[in-house]
Amino acid sequence: MVTRRSALALGLAVPGLAGLAACGPNSSGGSGGGGGEDGAATLRLAWWGNPTRDENTKKVVEAYKEVDDAVTINLEPGEWSGYWDKLATQTAGGDFPDIVQMDEKYLAEYGGRGALLDLAGAGLTTDDFVPGSVEVGELPDVGLAAINAGLNAFAFLINPIIFEDAGVDIPDDTTWTWDDLIDTAVKISENTDKGTYGMTQMGSIQGLFQVYVRQAGQDQYKDGAAGFDAKTATSWFEWSKKIQDSGAGPDASVSVEDAAQAMDQSLFATGKVATTVAWSNQVVAHDGLVPEGVVVLRPPSMEGSAAAAQLWYKASMYWAVSAKASDPEAAVAFVDFLVNSPDAGKILSVERGVPGNMTVREAIVPDLDEPNKKAVDFLESIESELGDPPEITPQGGGQFEDILTRAGEDMLFGTLTPEEAGQRLLDDLTSALG
């Protein structure tokens, strides 16, 4: 079941990832594919996803036969819950697929152990990608370890009907602050029936936490370590506690229960919350759950200025090629097709995120439905306001979502003060990073 929390987190820590130590470029084993002197190649393609993504991926592989019918691509679809365990096991056994769908949380884990090919060095063209979108796949000791399969950014989602029923105007997202958000949510909670709230509890949401600390002049990571201090983490938890104490959002018990619900059973989807958060590639799923559709807003800022929001383009996911691919040239050529071909773009659409390649994006936008256009429009509206791309999650950082959740929930239930939660967040993350 996809819960509201797992949809935002996009995964948990990877068990057994230490087994990757055996996957360096000199380890034994191979990808299991093959190449031949006649130009024929057999490649393995692995990804996680849903039925729509599975079908789109099968179609794009079929379409590639028109480009190179000498290449056979064997498909290895999976689900997020078991994908990383399987990939870690394959990697440790020297059986890493030739082409893999990769997530930012684990890019450094695999790239840092020599499992991923430098795509730029292998000749992948990225000239048409929007500025700032290629760098999010670069690792210092690897090069371009992965290329984004789509882009997203962190966003607020509004149910306009609840705002209207409460007699509250939708805020101006170019000027609102964190306090404005809570004040608006309090008015909605007060002006609607009991059990309806102005906003969800957002204190355990990694993406929004990162927005917050970036606005404070810090970041989630710096030089492979925690990039924020305990004072800023404490300030975050104080803001989170204010959501609960003011009545802007539900109490701890309801919030924890809501985070564990399937997305279509969440308070937001059932019309009990006016404001929630999501990555922009999740706009379509939420839009379909709200009768009048959602309104997409920027996060608030500390200064009340969109230019200070410190948003960034996040790769919704990546394509990466094994450093030991059976036929690296054929594997990179297929990835080139996936990210640079308008024909491929029309098949894949924006299900993996908005294309970073502007030529591909321009080719597919006219055919998008209204919910998908909302996601594209949001990304394009913030382009001139973006901050520098954040540092890629270092090894061990995949545990951060769990660490933030534990500290945040203990604080909301009164076990920890905001100051204690802030210090524990920093200490536990530092320990996880080693």
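Among the conditions (1) touching a Leu at 6+ places or on another chain (Cβ under 8 Å); (2) crowded, with 18+ Cβ neighbours inside 10 Å; (3) under 30 Å from Leu338 (Cβ atoms), Lys241 misses just one, which is (3). When each of Leu151, Leu107 is tested for being in contact with a Pro (Cβ under 8 Å, 6 or more places away or on another chain) and crowded, with 23+ Cβ neighbours inside 10 Å, the lone residue that passes is Leu151. For Met302, the criteria (1) aliphatic (A, V, I, L, M); (2) without any contact (Cβ under 8 Å) to a residue 60 or more places away in the chain; (3) surrounded by fewer than 18 Cβ atoms within 10 Å (Cβ to Cβ) hold in every case but one, which is (2).
Here is a check on your reading of the model: is Glu257 of a type outside the set (A, V, I, L, M, F, W, C), closer than 24 Å to Thr175 by Cα and open to solvent by 50 Å² or more (accessible area, probe 1.4 Å)? Judged against the criteria, Glu257 is not a match. Against the test of being within 22 Å of Asp402 (Cα to Cα) and either free of Cβ contacts under 8 Å to residues at least 60 places away in the same chain or of a type outside the set (S, T, N, Q) (or both), the options Ala274, Ala230, Ala248, Ala216 yield a single qualifying residue, Ala230.
Of the residues that make up region 248-260, is at least one of a type outside the set (D, E, K, R) and closer than 30 Å to Glu135 by Cβ? Checking region 248-260: not a single residue is of a type outside the set (D, E, K, R) and closer than 30 Å to Glu135 by Cβ. Selection of helices (runs of 4 or more DSSP H) fully inside region 368-434 by the criterion of at least 2 residues being open to solvent by 60 Å² or more (accessible area, probe 1.4 Å) and polar (S, T, N, Q) returns 418-433.
Kindly indicate whether Ala330 is within 30 Å of Thr91 (Cα to Cα), open to solvent by 10 Å² or more (accessible area, probe 1.4 Å) and either β-branched (Val, Ile, Thr) or assigned to a helix (DSSP H, G or I) (or both). It is true that Ala330 is within 30 Å of Thr91 (Cα to Cα), open to solvent by 10 Å² or more (accessible area, probe 1.4 Å) and either β-branched (Val, Ile, Thr) or assigned to a helix (DSSP H, G or I) (or both). Looking at (1) hydrophobic (A, V, I, L, M, F, W, C); (2) closer than 25 Å to Ala92 by Cβ; (3) surrounded by fewer than 20 Cβ atoms within 10 Å (Cβ to Cβ), can you tell me which one Ala146 breaks? Of (1) hydrophobic (A, V, I, L, M, F, W, C); (2) closer than 25 Å to Ala92 by Cβ; (3) surrounded by fewer than 20 Cβ atoms within 10 Å (Cβ to Cβ), only one is false for Ala146: (3).
The values are calculated or read from the model by the stated rules, or taken from the named source; none is laboratory data. Keep in mind that this is a model prediction, so the values were computed, not measured. No Cβ is skipped: glycine too gets one built from the backbone with ideal geometry, and neighbour counts run over all protein chains shown. Please note that ligands, DNA and RNA were not included when accessible areas were found on the heavy atoms of the full protein model with its side chains. Shrake-Rupley method; radii C 1.70, N 1.55, O 1.52, S 1.80 Å.
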